[in-house]
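Peer 1: The structure follows.
Coordinate-derived values only; no laboratory data. If you're wondering where the values come from, they're calculated on a predicted model, not measured in any experiment. Here Cβ is always computed from backbone atoms with ideal geometry, including for glycine, and neighbour counts include all displayed protein chains.
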Amino acid sequence: MTATLPGRTAMPHASSLKPTLAARGAPATRGPGGEPVVEAREFRFSYGPTEVLKGISLGVARNAVTAIIGPSGCGKSTFLRAINRMHELLPDVRHGGDLLLDGQSIYAPGRDLVDLRRRIGMVFQRPNPFPKSIFDNVAYGPTVNRLALKRDLPELVERCLRQAALWDEVKDRLHEPGTGLSGGQQQRLCIARALANSPEVLLMDEPCSALDPIATQKVEELIFALKEHYTIAIVTHNMQQAARVSDFTGFFDSGELIEFGDTDQLFTAPAHERTEAYITGRFG
Amino acid sequence: MSPSATGSDATLGGARFGDRLFKAALTLTALAVPVLLGFLVFELWAGSREAIGEFGLGFLTSSEWDPVEGRFGALPLIFGTVVSSALALLIAVPLSLGVAIFLTEFAPMRIRGPVSFLIELLAAIPSVVYGLWGIFVMIPFLRATVFPFLKDTLGFLPFFQGPIYGPGMLSAAIILAIMVMPYIMSVSREVLLAVPNTQREAALALGATRWEALTGAVLPYARSGIIGAVILGLGRALGETMAVTMVIGNRHEIAASLFAPGYTMAAAIANEFAEAVENIHLSALSYVALTLFVVTVLINAAARLLIWRVAQGGGGKSA
Ligand SMILES: Nc1ncnc2c1ncn2[C@@H]1O[C@H](COP(=O)(O)OP(=O)(O)OP(=O)(O)O)[C@@H](O)[C@H]1O
Ligand SMILES: [Mg+2]
C-alpha cells in the first residue's frame, strides 16, 4: 500500500466542523473521519490488460465531503464509477480487492445493483439530462424505484429542485424539456435528479468542469449545504475547489493513492513530495 | 505587376475560380432534382390524360379492371399496396426493432458485428431472388404450416377465412417484411448506437434496470430516428414490385381474407405494361403510376410530419 497515512496527532488546520480523528485509532486502511460509509480495500481495477487502479485503500466518511484529486488519467473517474458499478456496461473489465458500502461488499455475488445504485447516486462530468421535461427528469428515480406515490411527486420534485438551488429558475417551466436549460442549470438538474432518490452517498465526477464561475459557485455552495444530509465523494481538477468544499482529500497518481488526509493538512503540509509538487503546480 | 505578385494572385484567383465553379456545379445538381421531379410528374400526367378524361377521380374508387371492355378502376391496387405494406410493417417493425435493441444493448460483444453484417447482407439480395425463394420455399412452407394454423386458431376472423391458395396478400406481406427488415434493423441500430452512453448511465445510476434504462431513456432519445427507420422501410415496401408480383397472386380484387390473392399498383404496372395494346389500357396504367406516386408522397409527408411532431415534443435528436 502506498497511501501515506494522514497525520493523526497534529491537525493545526482542522476546522471545528470536521470530525476529530485523533485517538480514534482507526485501522490503517481506513481514511480519516471514523466509520466510513464507503470503504475501498486494496481495490484494483483493469480495463483489459491495463491495470488502472493498483490497490486503493481509503474510506469515505459519513456526512463529509471527500475530494479526489490527481493528474488526468490517474484513475479518479474509474475509482468513482467503480463505487456504483458503472463499469458494468463495458466488456473485459476486471477488479480485485474490495469496495464496501456500510461494511458490505459492493461486488458481492448477487448484490442487488438497483438497490446499490439507488443508495449511491452519481452526478457525471457532463450534464446528462434526459430529453424529458424538467419535472420528469427529477421524478425519474423515485418512479423507477417506486419510492413515492404519484401524488407525492410534485412535492418531492420541488424539494429536490430547491435543494439543488434550481427551483426559482425553473418553477414556471417544469414541463419544458430539461435539455433546453443552460449547461449550469442542466448540471444542477442532474444533481436534483440524483437527490430525488435520497441516496446515502453522492458521487460527483468533476461536476463543475462544464460550468462558468457563477454556476460553479452555486454548485459548490450546494455541495457544502448537502453534506449535512449526504456523504459526498467528489473528483475535481480544481485545487481551490477541493480546498473549499472538502473535508478530506485523496491524491491519486498513476492508479495509486499517494496521500489521503484532512484537506487543510494535505494542502498546507503535504506529507509526500509528489503531492506537494502537484498541488503547487510543479507537476511533471 | 511583378512576377512574384502575379504568381500569388494567380493562385488566389485560381482558388476563387475553382470555388465558384464548384458552387455552380453543385447548384446545378441540386436544381436538377426538382426539375427532374417536375418532369416526371408531367410525363405521368401526360400519359394518364386519356384515362383521367375517361374515368376522372372515379378511377380511384372503382374496382373494375376490364381491358377488353376498356373499363378500369384502381381501388383494388391501392388497397393491395396499402394493406400489404402496412401488414409488412406490422410484422417487420417489432422484429427488426427487437433485433436492433438486442444487438446494441444486450448481445455479447463478439456476436454484435457479425450478426448485423449478416442482416445488412439481406438488403443486397436482388428482389427477384426473394420472389423465387418465396415461390419455391416460403409459400409451400406457409401453406403447409402457418396458414392452416392461423385458419384453425383465428378462423373466426374474416381475415383468416376462405381457401388457402398459397400466393396471396399475406404471402406478399411476409416477403415484404423480410425484405424491409434489414433496412429498419440497420437504421435503428445506427440510431441506438448514436444514443450517448451518458444517457444509459444516467438511467442506470438512478437505479433503473437495463430494461428500464432502455424504455425510459434510450428509446425516447432514439424515438424520432426510429420512426425515420420505419418510414424508410415503408417507402421500400410501397414501391417493391418484383418479389410482390411473384407471390401476391395478381388478381384485381379486394378480399377480406388475407389468404386471398390481391394486387399492388407497382406489380400491376410491371405486369401489364408489356401486354397492354389499347391506348386506354396504357393510359390507365400511367394513371396508376401517378396514383402510386401521389400515395407515396402523401404517406411520406405524413410520416415527416409525425417525426417533426415527435421531435418537437421533447424527443431526442433526429438521426
Ligand atoms: N473505457 C475504457 N477503456 C479502456 N481504458 C480506459 C477506459 N476508461 C478509462 N481508461 C483508461 O484508464 C485510465 C484512467 O482513466 P480515468 O478516466 O479513470 O482517469 P481520470 O483520473 O478520471 O482522468 P481525467 O482527470 O482526465 O478525467 C486512463 O489511462 C484511461 O485511458
Ligand atoms: Mg475523469
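Peer 1: Can you check how the C-alpha radius of gyration of chain A compares to 2.2 N^0.38 Å, as a plain ratio?
Peer 2: On the way: Rg = 18.7 Å, N = 284, 2.2 N^0.38 = 18.8 Å.
Output field value: 0.99.
Peer 1: Taking amide H positions as placed in the peptide plane 1.01 Å from N, state which residues far from A:Glu259 in sequence (5 or more) or on other chains have amide H under 5 Å from it.
Peer 2: A:Thr4, A:Phe251
Peer 1: For chain A, set up a Gaussian network in which alpha carbons nearer than 10 Å are linked by springs, and say which option among A:Leu149, A:Leu58, A:Leu226 fluctuates the most.
Peer 2: A:Leu149
Peer 1: Quick one: check the C-alpha center-to-center distance for segment A:241-264 versus segment B:247-297, whole angstrom.
Peer 2: Comparing the Cα centres of segment A:241-264 and segment B:247-297, I get a distance of 76 Å.
Peer 1: Right, something else. Under 10 Å, Cα contacts only: if you run a Gaussian network model on chain A, which one of A:Cys74, A:Cys190, A:Cys208 comes out with the highest mean-square fluctuation?
Peer 2: Residue with maximal mean-square fluctuation among A:Cys74, A:Cys190, A:Cys208: A:Cys74.
Peer 1: Next up: Can you give the convex hull volume per residue for the Cα atoms of segment A:142-191, as a whole number of Å³?
Peer 2: On the way: hull volume 4.3 nm³, N = 50.
Roughly 85 Å³ of hull volume per residue.
Peer 1: Follow-up. What percent antiparallel are the DSSP beta bridges of chain A, to the nearest 5?
Peer 2: So the antiparallel bridges amount to about 60 percent of the total.
Peer 1: Spelling out what I want: for every residue of segment B:93-103, take phi, set θ = phi - 60°, compute 6.51 cos²θ - 1.76 cosθ + 1.60 (Karplus), and round to whole Hz; glycine and proline get x.
Peer 2: So the J values, rounded to whole Hz, are 4, x, 5, 6, 5, x, 5, 4, 5, 4, 5.
Peer 1: Each residue of segment A:42-48 in turn: what ³J(HN,Hα) in whole Hz from Karplus with 6.51, -1.76, 1.60 and θ = phi - 60°, glycine and Pro shown as x?
Peer 2: 6, 6, 10, 8, 9, 9, x
Peer 1: Still on this structure, I have one more. Where Lys and Arg each count +1 and Asp and Glu each count -1, what net charge lies around A:Glu273 among other residues with Cβ under 13 Å from its Cβ? Mind showing how you got there, number by number?
Peer 2: On the way: positive: A:Arg274, A:Arg282; negative: A:Asp253, A:Glu259, A:Glu276.
Result for the local shell: -1.
Peer 1: Between B:Arg20 and B:Ser63, what is the FRET efficiency for a Förster distance of 56 Å, r being their Cβ-Cβ separation, to the nearest 0.05?
Peer 2: On the way: r = 57 Å, r/R0 = 1.03.
Computed FRET efficiency for B:Arg20 and B:Ser63 comes out at 0.45.
Peer 1: List the equivalent ellipsoid semi-axes of the protein assembly as shown in whole Å, largest first, each obtained as the square root of 5λ for an eigenvalue λ of the Cα gyration tensor.
Peer 2: The answer is 64, 31, 22 Å, longest axis first.
Peer 1: Can you tell which of B:Ala256, B:Ala74, B:Ala30 shows the greatest fluctuation in a Gaussian network model of chain B with Cα springs below 10 Å?
Peer 2: Sorting by GNM fluctuation, first place goes to B:Ala30.
Peer 1: OK, next. What does the highest-first list of A:135-145, B:143-153 look like by mean Cβ count within 10 Å? Intermediate results must be reported in sequence, preceding the final value.
Peer 2: Values: A:135-145: 23.2, B:143-153: 14.0.
Result, highest mean Cβ count within 10 Å first: A:135-145, B:143-153.
Peer 1: Let me ask something additional. With +1 on each Lys and Arg Cβ and -1 on each Asp and Glu Cβ, how big is the dipole of chain A about its Cα centre, in debye rounded to the nearest 20?
Peer 2: Details: 32 positive and 33 negative charges, 88 e Å.
So the magnitude is around 420 debye.
Peer 1: Helix-derived [θ] at 222 nm for chain A: sum -39500 (n - 2.57) over DSSP H runs of at least 4, divide by residue count, nearest 500? Each step should come with its number before you reach the end.
Peer 2: Numbers: 10 runs with 88 residues, N = 284.
Rounded to the nearest 500, it is -8500 deg cm²/dmol.
Peer 1: May I pose another question? Could you work out how far helix A:213-226 tilts from the main Cα principal axis of chain A, as a 0 to 90 degree angle to the nearest 10?
Peer 2: 80 degrees
Peer 1: In whole Hz and in residue order, list the ³J(HN,Hα) couplings for segment B:57-63 that follow from phi through the Karplus curve 6.51 cos²θ - 1.76 cosθ + 1.60, θ = phi - 60°; x for Gly and Pro.
Peer 2: With coefficients 6.51, -1.76 and 1.60, one gets 6, x, 3, 6, 10, 9, 9 Hz.
Peer 1: Shape verdict for segment B:39-86, please, from the Cα gyration tensor: rounded (a/c under 1.5), prolate (a/b greater than b/c) or oblate. Each step should come with its number before you reach the end.
Peer 2: Values: a/c = 2.28, a/b = 1.16, b/c = 1.96.
Here segment B:39-86 falls in the oblate category.
Peer 1: Give me the mean projected area, in nm² to one decimal, of the convex hull enclosing the Cα positions of segment B:83-143. Write out the running numbers ahead of the final one.
Peer 2: Working: hull surface 21.3 nm².
Convex hull of Cα atoms, orientation-averaged projection: 5.3 nm².
Peer 1: Of B:Val41, B:Ala270, B:Val187, which is farthest on the positive side of the dipole of chain B, counting Cα position, with +1 on Lys and Arg Cβ, -1 on Asp and Glu Cβ, and the Cα centre as origin?
Peer 2: The residue sitting farthest along the positive end of the dipole is B:Val187.
Peer 1: Next question, about the same structure. Pairs of alpha-carbon atoms within less than 8 angstrom and 6+ residues apart define the contacts here; what relative contact order does chain B have, in percent?
Peer 2: Values: 406 pairs, mean separation 85.5, N = 319.
Relative contact order for chain B comes out at 27 percent.
Peer 1: Moving to a separate point now. Can you sort B:Met185, B:Met109, B:Met138 by how many other beta carbons sit within 10 Å, fewest first? Provide the component values of the computation, followed by the final result.
Peer 2: Details: B:Met185 27, B:Met109 9, B:Met138 20.
Ranked by crowding around the Cβ, least crowded first: B:Met109, B:Met138, B:Met185.
Peer 1: Something else now. From other protein chains only, count the Cβ atoms within 10 Å of every residue's Cβ in B:192-205, then give the mean. Let's see the in-between values first.
Peer 2: Details: counts 0, 0, 0, 0, 2, 4, 6, 4, 3, 7, 13, 6, 9, 19.
Rounded to a whole number, the mean comes out at 5.
Peer 1: Per-residue mean of other chain beta-carbon atoms within 10 angstrom of the beta-carbon, peptide A:113-119?
Peer 2: Values: counts 5, 7, 1, 1, 7, 4, 1.
So the per-residue partner count for this stretch is 4.
Peer 1: Would you tally the net charge around B:Phe160, using a Cβ to Cβ cut-off of less than 11 Å, leaving B:Phe160 out, and scoring K and R as +1, D and E as -1?
Peer 2: Numbers: positive: B:Lys151; negative: B:Asp152.
After counting each charged neighbour, the total is 0.
Peer 1: How about A:Lys227: which aspartates and glutamates have a C-alpha closer than 20 Å to its C-alpha, ignoring those fewer than 8 places off in the same chain?
Peer 2: Straight-line reach from A:Lys227, under 20 Å: A:Glu35, A:Glu39, A:Asp102, A:Glu158, A:Glu200, A:Asp205, A:Glu206, A:Asp247, A:Asp262, A:Asp264.
Peer 1: On to the next question. With the dipole of the protein assembly as shown worked out from charges on the C-beta (+1 for Lys and Arg, -1 for Asp and Glu) around the Cα centre, which of B:Leu170, B:Thr145, A:Cys208 lies farthest toward the positive end?
Peer 2: A:Cys208
Peer 1: Right, another one. Determine the dipole magnitude for chain B: charges of +1 sit on the beta-carbon of Lys and Arg, -1 on that of Asp and Glu, nothing else is charged, the reference point is the Cα centre, and the result goes in debye to the nearest 20.
Peer 2: Numbers: 18 positive and 19 negative charges, 244 e Å.
In total the dipole reaches around 1180 debye.
Peer 1: Take the Cβ-Cβ distance between A:Phe224 and A:Arg159 as r, set R0 to 25 Å, and report the resulting FRET efficiency rounded to the nearest 0.05.
Peer 2: Numbers: r = 18 Å, r/R0 = 0.73.
FRET efficiency, A:Phe224 to A:Arg159: 0.85.
Peer 1: May I pose another question? What is the Cα radius of gyration of chain B over 2.2 N^0.38 Å, N being its residue count? It would help to have the intermediate numbers written out before the result.
Peer 2: Numbers: Rg = 25.1 Å, N = 319, 2.2 N^0.38 = 19.7 Å.
Relative to the rule-of-thumb radius for its length, chain B sits at 1.28.
Peer 1: Go from 0 up to the bin containing the longest alpha carbon distance in segment B:24-111, width 10 Å each, and give me the % of pairs per bin.
Peer 2: Result returned by the calculation: 13, 20, 20, 22, 17, 6, 0.
Peer 1: Ignore the peptide's own chain and count Cβ atoms of other chains within 10 Å of each Cβ in A:138-145; give me the average, rounded.
Peer 2: Numbers: counts 0, 0, 8, 6, 2, 4, 10, 4.
Taking all residues of A:138-145 together, the mean is 4.
Peer 1: Nothing charged except the Cβ atoms of Lys and Arg (+1) and of Asp and Glu (-1): what's the magnitude of the dipole of the protein assembly as shown about its Cα centre? Round to the nearest 20 debye.
Peer 2: Working: 50 positive and 52 negative charges, 201 e Å.
That gives a dipole near 960 debye.
Peer 1: Now, a different point. I'd like the distance between the alpha-carbon centres of segment A:194-218 and segment B:200-220, rounded to an integer number of Å.
Peer 2: Going from one Cα centre to the other spans 20 Å.
Peer 1: When Lys and Arg each count +1 and Asp and Glu each count -1, what net charge do the other residues less than 12 Å away from A:Asn238, Cβ to Cβ, add up to? Numbers along the way, then the final one.
Peer 2: On the way: positive: A:Arg244; negative: A:Glu206, A:Glu220.
Net charge in that neighbourhood comes out at -1.
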